[in-house]
């Protein structure tokens, strides 16, 4: 939103703020997503007063509910982030072809093909070559959201395992009296409290307008890992009941497994993002 100007605000900002329009985010390609400076092969070439986009995007989420897509395309042959720009493409554009790709946990993603997809000059969001910089700002916000969602699910799993452990009778006493079960519950509580405090501190820093790219990577990476461990303990305590899709635990187990991959796998955040910044 901060990169819109003039007529763009009327076309994009006003409908976004009023809730009339929504746009999804398309950076990842079949060639990869964790290294966009190399992997973005989709190209945009100027043709008169228009841009013509050709290429393909993959694993694009929320396309079915969006009115358009923010697509990242390369304008030159240089393999660096300064040659990537962002364009807004409306869903009805004849040059945009979508193919659904179902994922684990019932999530739907899409492969988007841009076949001589023509857009006007107003579709260029920000300046030429600034698309990756814009994306980094948006990704930080998204990573905080991923962490917050993971924290909420972990808290609900904790509540469920405590309630079940108190009620379930095994060998003439509640599960909650078994030391192994107590260990799982206590470990989950500690992890949830640690990550809640970290998330709140990082969000407060972001609210102050400070650079939180490093913190966003930490939150996304660690919360995604944490919720997987908590869900696994909750399922273990519930036994077979936790493995049925009549229980939300099984759905969360499927869905949250992907949170360790999308918006950057754990390994990329740890070694390509955090290690580089901390050791620079």
Query raised in the report: Using a basic spin-label model with each label point 7 Å from the Cα along Cα→Cβ, how many nm lie between residue 240 and residue 141?
Result: 4.8
Query raised in the report: Highest mean first, what order results for 263-270, 6-13 on Cβ atoms within 10 Å?
Result: 263-270, 6-13
Query raised in the report: Tell me, what is the percent relative contact order of the chain, built from C-alpha pairs under 8 Å that lie six or more residues apart?
Result: 15
Requested in this report: Determine the gain in length on full extension of the stretch residue 31-residue 149; use 0.36 nm per residue of separation and subtract their C-alpha separation, reporting nm with one decimal.
Outcome: 39.6 nm
Query raised in the report: For the chain, what is the mean residue ellipticity at 222 nm derived from helices alone (per DSSP H run of n ≥ 4: -39500 (n - 2.57); sum divided by total residues; nearest 500 deg cm²/dmol)?
Result: -13500 deg cm²/dmol
Requested in this report: For residue 91 and residue 169, compute 0.36 nm times the residue count separating them, minus their Cα-Cα distance, and round to one decimal in nm.
Outcome: 22.6 nm
Query raised in the report: Contour minus end-to-end for residue 47 and residue 274, with contour as 0.36 nm per residue of separation and end-to-end as the Cα-Cα distance?
Result: 77.7 nm
Query - Relative contact order (percent, whole number), the stretch 139-260, Cα cutoff 8 Å, 6+ residue spacing - result: 36
Query raised in the report: Once percent of Cα pairs over 32 Å apart is worked out from the coordinates, which option in (i) 35; (ii) 57; (iii) 16 does it equal?
Result: (i)
Query - Packing-based exposure ordering (other Cβ within 10 Å, fewest first) of 202, 223, 117 - result: 202, 117, 223
Query raised in the report: Is any residue of the stretch 209-234 close enough, with backbone N under 16 Å, to a label point placed 7 angstrom from the Cα of residue 190 along the Cα-Cβ axis, and if so, which?
Result: 226-227, 229-230, 233
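Here, each number is a calculation from the coordinates, and none is a lab measurement. The model shown is predicted, which means the values in this text are computed figures rather than measured ones. Neighbour counts are summed over all protein chains in view; Cβ atoms, including those assigned to glycine, are modelled from backbone coordinates with ideal geometry.
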